Amino acid sequence: MSEVSSEGGGGGKHKGGKPKGKKQSTHIDMTPMVDLAFLLLTFFMLTTSFSKPKIMQIIMPEKPKDTTQQKKINQDDVMNLLVGPKDRLFYYIGLHFDQVVSTTYGVDGIQKILMDPKFKSNPRFMVLIKATPDSKYKNIVNMFDIMRITDTRLYALVDITDKEKELISKVPGSN
Amino acid sequence: MTPMVDLAFLLVTFFMLTTKFRPEEPVPVDIPPSESKMTLPDLHIMTITVAPDGRVFLDVQQKGVRQGWASKMNEQFKLQLTEDEINTFSNLSSFGVPMNQLKGYLDLSASDRKAFKQPGIPIDSAHNELGDYILYARLAAENNLNVAIKGDRDADYKVVRDVIKIVQDKPNGINNFNLITTLAAGPPK
C-alpha cells in the first residue's frame, strides 16, 4: 500500500526534472504499523462492552409489622394475574374465585384487559402478580414491563396459593 | 495513507481509554428484554446472577469493597483465608462457591479456576449463605451497595423468588432492588 503511494509521490518529482537517486525518499513503509494499529483497533472494538445493560427498578412493600393495621382491599379492585409454566398466563378478578381465565401476554391479551376503562378509572385498582414456581423468570420481567406499559400504578408480586395452582393445572393444555 | 493511519490510531486510543473489559462470567446468562431505559450504574452495585440451571453467583466490581468483604467474611466465618487469597478474591469477578469451598477455590490456578464448575451459592433456608455474603458485602461497602438481580430468561421463578426473599428478609431487608434487563427489540410478546 505505502509503496504505491511513495512511488506515486516520487513519480511526480521525476517529472519535475530532479536527478535520479540523489535524494533519498523520505517515505517509510508504514504497512506493519498500520497492521498493528488495525489489529489493536479490532481487539478493543471486540472486547468492549458497548451497550450497557438496562435495569428495572423494583420496590417491594415493606414487611408489615402489625397485620391488624393493614387495610382490607375491596374485592372488586383486585385483579389476580397468575403466571404459569410454558408462558401461560391466567387471571381472575376479585378475591373469591372458582375458575381462572386463560389469556396471553400480547397486546390483544392481558394488555387489552388492563387498559379497560373499568379498571383505568378506578384509582384503587390493584394487580396481584402470582407466579407458579416452575414459571420462567422472563415471564415475571415481562409482567413488570406490561405493568409499566399499561400504566398500572398498584401492583405487587405475591406468593401463589395452592388453590390457584390447582385451578391452573385444571385449565386444558396447561400440562 | 497518513490520514488513515491517524484515524486508526485515534480510534485505537479512544477504545483503549474508554474500554472497561467485559467481566468474565462463569455462566453465559441470557438476560430478558424489557422496555426499561434506565442504565445500570457502574459503581455501588452488587450483581446476583441466576443461571438457567438455578445456580446463584455473586459479584461486586469494586476492588476495595471486595477486599473488605473477604476480610470480614474471613473473620466472621473462620474461612482461614491468607492475605494472598484475599487479594485473589478481590481481583475476581462473579463467583459462586459455598463458603467452605472458597479457600480451595481461591487456591486454584487461574486456568483451573476457569475450568472448575462452581456449584453456586447455597440459597436454601438451612444454609442461607447468600444472605451472609450479601450482608458482609454491604458492611464492607458501608451500606452503599445496591442489589441488582441478573436472571437468565429461562431460570425458574422459584429460584428468583428465593433470591428475592433472601434479599428482602432480615438481616438485609432490602426492599428496593433492580432487575437487569436488556432493551427489547420490539414490543414485548
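Annotations for the structure displayed:
- Separation between Cα centres of segment B:64-108 and segment A:90-131, rounded to whole Å: 47 Å
- Simple spin-label estimate for B:D124 and B:A110 in nanometres, 7 Å along Cα-Cβ: 3.6 nm
- Chain B: DSSP helices with Cα axial extent of at least 15 Å and average Kyte-Doolittle hydropathy no lower than 1.0: B:2-18
- As a proxy for reagent exposure, A:L167, B:L7, A:L114, B:L130 were ordered by neighbouring Cβ count within 10 angstrom, fewest first; the result is B:L7, A:L167, A:L114, B:L130.
- Amide proton proximity set for A:L157, modelled H, under 5 Å, gap of 5+: A:I129
- The magnitude of the dipole of segment B:131-189, with charges of +1 and -1 set on the Cβ of Lys/Arg and Asp/Glu and taken from the Cα centre, is near 180 debye.
- Its convex hull of Cα atoms gives chain B a direction-averaged projected area, equal to a quarter of the hull surface, of 14.1 nm².
- Computed E for A:S25/B:M16 - FRET, C-beta separation, R0 35 angstrom, nearest 0.05: 0.60
- Protection proxy ranking, highest mean first, for peptides B:57-68, B:152-163, B:98-109: B:152-163, B:57-68, B:98-109, where packing is the per-residue count of other beta-carbon atoms within 10 Å, averaged.
- The protein assembly as shown: antiparallel DSSP beta bridges as a percent of all, rounded to 5: 55 percent
- If the chain linking A:M33 and A:K163 were pulled fully straight, counting 0.36 nm for each residue of separation and taking away their Cα-Cα distance, it would gain 39.7 nm.
- Each Lys and Arg contributes +1 and each Asp and Glu -1, all at the Cβ; summed about the Cα centre of the protein assembly as shown, the dipole is approximately 1040 debye.
- For segment B:1-30, the residues whose amide N sits under 18 Å from a probe point set 7 Å from the Cα of A:L46 along the beta carbon direction are B:12-13, B:15-16, B:19-25.
- Segment B:30-183 - charge dipole about Cα centre, Lys and Arg +1 at Cβ, Asp and Glu -1, debye rounded to 20: 140 debye
- By other beta-carbon atoms within 10 Å, ranking B:E25, A:E164, B:E75 with the fewest at the front produces B:E75, B:E25, A:E164.
- With 32 Å as the limit, the listed pairs B:K117/B:K165; B:K78/B:K150; A:K63/B:K117; B:K20/B:K170; B:K37/B:K72; A:K54/A:K163 have A:K63/B:K117; B:K20/B:K170; B:K37/B:K72; A:K54/A:K163 beyond it between alpha carbons.
Each value in this text was obtained by applying a stated rule to the coordinates, not by laboratory testing. Keep in mind the model is a prediction, meaning the values are calculated, not measured. Cβ atoms come from the backbone with ideal geometry, glycine included; neighbour counts cover every protein chain shown.
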